[in-house]
Every structure is written in C-alpha cells, then in structure tokens.
Amino acid sequence: MIEVRIIPVTPFQQNCTLLWCDKTHKAVVVDPGGDIERIRAAIDKSKVAVERILLTHGHLDHVGGAAPLAEALAVPIEGPQQEDGFLIEGDYLARQCAMFGWPPAAGFTPRWLGNGNEIRVGDETLQVIHAPGHTPGHVVYFHAGARLALVGDVLFAGSIGRTDFPRGDHSTLVHSIRERLFPLGDDVRFIPGHGPMSSFGEERSNNPYVGEGLA
C-alpha cells in the first residue's frame, strides 16, 4: 500500500505531499511549491527514496520549488498536462516570483502527462486524470487501492478552485469535478492543494458549489 506525509509549504500553506510505497520505500513528491529544506527533511525522516516529482498544475505556489528540488535529488519532473506549459516554460514563472517577492525560479519543461497515464511508485500505481478548469492542464493523481486522490486546486473541503486566473473556466471546472472526480466514488478521500482533507462523498452531498443540494 501507500503512505503519505503532507508538508505545508510557502506563505500560501500549500499541501506538498510526499507519497511512497510502504514495501519498496520508493517515493514521489507532489507539488513542491517551495521551502525545499523542509521537504528534504521530511524525505529524510520518512527514510524513502524519491524517484520523481509530480505536479498537479503550473501555479507558482505548486511549482516554485520543483526545479531546484529536482536538481538536488537528481530526479525528473512529470506533469501537469501540456496546456499548462504557458505557466511553467519561458519567463512567466520568473515574473511571478518577482511579483510575489519569492526566490527566483527559472522556467522548465517537465515530462507532460495526459488523461489515462499511469505513474509507478514502487509497487503501486497512480492514475492520471486530466481535470481542467482551475488551469487548462490541471491533473489529479488517484490511487485506486488506497481510495485516495491528490486533487491540487480543483476541489477543496467546502469549496472549489478559483477560475479568475489566466485560462481558468468555471463551467469546465465544475464539469471536471462532477464528471471525472465524483464518479470515482463517495469513499475516496482527497488531499487538496490547501486546507484539510475531505471525501468526494462529503463534497458531493454538501459542497455549496458543486454538491447535489446546489439549487
């Protein structure tokens, strides 16, 4: 099975997640937005071997530490889907860092992922689900056996992702949640990009933006 450790990073308290196979102790880091030393301390404490970095989408608070962490660990960066390239490649990332007063971060090109791809973590498998709306290339990572999803900024406990950023789209986001995430099952727990965990069943029933009770 898998084990997870949530590592809140950056002033935005973004939920960077360390996920590993409990049999092989091979691991991935999902959304290392910053605070690299904190992430590396969690890796050392967990006694795991990180094989790759995964990204849910291209916003600064999720990718700001990806390139330097990848260099430090000598591992590749994978995800999100290629439509988020405008957020990661070129000088857009550096300009965002300057705007928010963050340490400089150069653009990079990851291995892009698509809907239906699979990521091996030791003996375990993560399914890749393209879930656009918050950003056009946003992806979700789902482990069927653990009934666990890492949803980035698509869905939160009691809320949904913002769509007022470049190329965000509210109707697309709602469709992604209702048609690609909720069908995975009410019992699926999820780690959002910020804030506490919840379940798809809880949000399907009670979320005021996408729940069944929405007028």
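Every read-out reported here was derived from the displayed coordinates using simple, explicitly stated rules and does not represent laboratory data. Computed from a predicted structure; not experimentally measured. No Cβ is skipped: glycine too gets one built from the backbone with ideal geometry, and neighbour counts run over all protein chains shown.
Laid out as a table, the results:
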quantity	calculated
Reported label for calculated log10 I(q)/I(0) by the Debye sum over Cα atoms at q = 0.09, 0.10, 0.15 Å⁻¹ given (1) -0.47, -0.57, -1.08; (2) -0.37, -0.46, -1.00; (3) -0.31, -0.39, -0.90	(3)
Within segment 121-215: Cβ-based charge dipole about Cα centre, in debye rounded to nearest 20 (Lys, Arg +1; Asp, Glu -1)	140
Potential extension, Met197-Lys45 segment - 0.36 nm per residue separation minus Cα distance	52.5 nm
Charge dipole (debye, nearest 20) of segment 1-41; +1 at Cβ of Lys and Arg, -1 at Cβ of Asp and Glu	120
Charged-residue dipole, Cβ positions (Lys, Arg, Asp, Glu), the chain about Cα centre, Debye nearest 20	300
Potential lengthening between Asp123 and Thr24 on full extension [0.36 nm per residue; Cα-Cα distance subtracted]	34.9 nm
Formal net charge of residues neighbouring Gly201 (Cβ-Cβ distance under 10 Å; K, R +1; D, E -1)	-2
Calculated from backbone phi, Karplus (6.51, -1.76, 1.60) coupling profile of segment 176-184 in Hz, x at Gly/Pro	4, 5, 6, 9, 10, 9, 4, x, 5
Local net charge near Ile2, Cβ-Cβ under 9 Å (Lys/Arg +1, Asp/Glu -1)	-3
Centroid-to-centroid separation of segment 106-159 and segment 41-101 [C-alpha atoms, Å]	14
Arg147/Arg38 FRET efficiency (R0 30 Å; Cβ-Cβ; nearest 0.05)	0.60
Inverse mean reciprocal Cα-Cα distance (Kirkwood Rh) of segment 82-172, Å	14.7
Residue-averaged 222 nm ellipticity for the chain, from DSSP H runs of 4+ at -39500 (n - 2.57), nearest 500	-6000 deg cm²/dmol
Dipole-positive endmost among Ile6, Met197, His170 within the chain (Cβ charges, Cα centre)	Ile6
